[in-house]
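Please treat every number below as a calculation from the coordinates, not as lab data. Values in this document were obtained by computation on a predicted structure and should not be read as measured data. Neighbour counts run over all protein chains shown; Cβ positions are idealised from the backbone, glycine included.
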Amino acid sequence: MSIPEIELTVYPDECDAFGHLNQASFLTLFERARWELLAQGPGMDVFSRNRTWPAVRRATIDYQAPAFPGDRLRFEIALLHLGHTSLSLRQSARRSTDDALIATAEFVFVCISAEGKPVPVPAEVGEFFGAGTDAQSGLRRIRVNGVSLAVQVEGDGPAILFVHGYPLDHTIWAAPMAHLDGWRRIAPDLRGFGASDAPDLGYSMATYAQDLGALLDTLGVSKVVICGLSMGGYVAFEFLRNWRDRVRALILMDTRALPDTLEGKRLRDQFAAEARETGAGEVAKREVPRLLSEGAPADMRERVRAMIAATPVAGIVGALGAMRDRPDSRPLLAELGEMPVLVIGGTEDAITPPEEIRHLAAAIPGAGLALIEGAGHLTPVERPEEVVAALRKFLTSLPPAKTTALR
Ligand code: MLT
């Protein structure tokens with residue numbers, strides 16, 4: 001559902017002696033825009049119906065340009081973060097006639113009961129802003145950094161985050177999602193892939209990692225084991241660079257720490273141009289033979305082909321640019337210190353061959369290594385049982401989690 005825009009008029013009594021919309025009046029206008037918006041969505045009484053009230057915990061306004069009596073202002077609103085009992089919204093006000101940006105604002109709300117205790121945000125509010133559960137797929141929709149991500153969440157226990165590779169989606173993790181009992185398994189579609197939003201621009205390893213950080217915040221997860229496959233490993237490295245203290249352990253699957261070579265970068269640009277020209281179906285034709293071993297059965301090939309063919313071209317092009325520009329993660333390896341790390345690869349992997357996987361494991365002090373016999377680049381797809389067994393062995397060896405759930 002797209003979120004409607006609201007238009008409001010600036011009245012003389014909201015302006016100062018110079019005829020400028022007064023700074024304090026912005027608070028009122030932003031608030032009125034929010035209520036108008038709710039009236040067009042779940043209803044102005046959505047909070048009282050749910051016996052809660054959204055108390056403002058923080059308000060930040062950036063004033064950009066003056067507005068005057070009679071101006072019509074267009075208010076846009078985006079959900080930045082949806083927590084269990086809190087939510088953050090970003091709002092902007094533009095003059096309708098010339099599109100001038102008048103002000104932007106961010107508000108953090110905590111839902112409280114009549115006794116002043118934090119209580120859950122009404123589900124209808126999250127759903128209105130594009131967060132909730134998709135009835136058909138059962139995937140949760142969570143809005144982070146202005147995009148809606150599709151996320152599979154299974155089970156209870158300490159959290160493990162699965163990050164897929166290029167140009168795939170969360171379904172490559174079907175086996176561990178189904179079988180790793182005792183863990184809260186979280187497998188998102190990164191922006192641009194699967195059922196997540198695919199904006200035209202704004203792809204980088206930093207953006208993917210920020211999305212994941214915000215996603216974990218929304219799910220109330222403070223510390224996590226990260227398991228990244230190939231490009232998912234590049235994202236895991238970026239996450240580590242930013243939030244090392246949130247990572248309990250690391251699983252690097254069919255991935256590398258090296259950046260692209262000059263020739264590799266040139267190929268990324270060539271593939272991006274081809275994807276734009278010929279579409280995702282042609283990308284699938286090129287990628288399937290690289291991703292799977294020669295022995296992979298026809299139905300598996302077809303599943304992976306269909307997954308890639310359904311990927312938005314914007315996501316493919318965005319990911320190619322993000323991989324091309326990714327930083328060298330080798331300096332991180334020697335510094336992983338006490339962090340438990342498992343490196344997994346496939347003996348038939350043509351993209352990150354076994355020698356490269358052995359090399360990666362050797363560069364990380366204390367890292368474990370599991371080479372899965374007969375698997376190509378997509379080890380959890382080709383050898384699901386062996387991968388689940390390797391994950392389980394590693395996860396049960398971890399020291400107990402000292403979890404502090406975020407609200
Ligand atoms: C992947 O599987 O994510 C990609 O093949 C990684 C890459 O091209 O570097």
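Observations on the structure shown:
- Neighbour-count order for Leu149, Leu80, fewest beta carbons within 10 angstrom listed first: Leu80, Leu149
- Residues in the stretch 233-248 carry Karplus couplings, in order, of x, 4, 5, 4, 4, 5, 4, 4, 4, 8, 9, 4, 6, 8, 9, 7 Hz; the curve used is 6.51 cos²θ - 1.76 cosθ + 1.60 with θ = phi - 60°, and Gly or Pro positions show x.
- Computed E for Lys285/Ala17 - FRET, C-beta separation, R0 56 angstrom, nearest 0.05: 0.25
- Positive-end residue, the chain charge dipole about Cα centroid, Cβ charges, pick of Pro340, Thr52, Gly220: Pro340
- Calculated FRET value between Asp245 and Arg276, using beta carbons and R₀ = 30 Å, to 0.05: 0.15
- Among Gly281, Gly116, Gly194, the largest mean-square fluctuation in a Gaussian network model of the chain, built with springs joining Cα atoms closer than 10 Å, belongs to Gly116.
- Counting beta carbons within 10 Å around each of Thr207, Thr171 and listing the fewest first gives the order Thr171, Thr207.
- Using the Cβ of Val313 as centre and a radius below 12 Å, the other residues enclosed give a net charge of -3, where K and R count +1 and D and E count -1.
- Couplings 3J(HN,Hα) of the stretch 205-216, computed from phi: 4, 4, 5, 4, 5, 5, 4, 5, x, 5, 4, 5 Hz, in residue order, whole Hz [Karplus 6.51 cos²θ - 1.76 cosθ + 1.60, θ = phi - 60°; x for Gly and Pro].
- Mean sequence separation of contacting Cα pairs (under 8 Å, at least six apart), scaled by the length of the chain, corresponds to a relative contact order of 13 percent.
- FRET efficiency for Glu338 and Thr261, using Cβ-Cβ distance with R0 set to 45 Å, rounded to 0.05: 0.90
- Highest-fluctuation residue, Asp181, Asp169, Asp349 considered, GNM on the chain with Cα pairs under 10 Å: Asp181
- Computed magnitude of the charge dipole of the chain (debye, nearest 20; Cβ of K, R +1, Cβ of D, E -1): 820 debye
- Taking amide H as placed 1.01 Å from N in the peptide plane, Ile344 has its amide H under 5 Å from the amide H of Leu252, Met253, Asp254, Ala370, each at least 5 places away in sequence or on another chain.
- With a Cα cut-off of under 21 Å and a minimum spacing of 8 residues unless on different chains, the lysine pairs in the chain number 4.
- Amide H partners (placed H, <5 Å) of Leu190, local residues excluded: His164
- In the chain, a dipole from Cβ-located charges (positive for Lys and Arg, negative for Asp and Glu) runs towards its positive end, and of Ser397, Ile142, Leu240 it is Ser397 whose Cα lies farthest in that direction.
- Fewest-first sequence of Glu238, Glu335, Glu348 by Cβ atoms within 10 Å of each Cβ: Glu335, Glu348, Glu238
- Candidates Ala334, Ala309, Ala284, ranked by Gaussian network fluctuation over the chain, Cα under 10 Å, top entry: Ala334
- Charges were assigned to the Cβ only: +1 to each Lys and Arg, -1 to each Asp and Glu. The resulting dipole of the stretch 54-95 about its Cα centre is roughly 40 debye.
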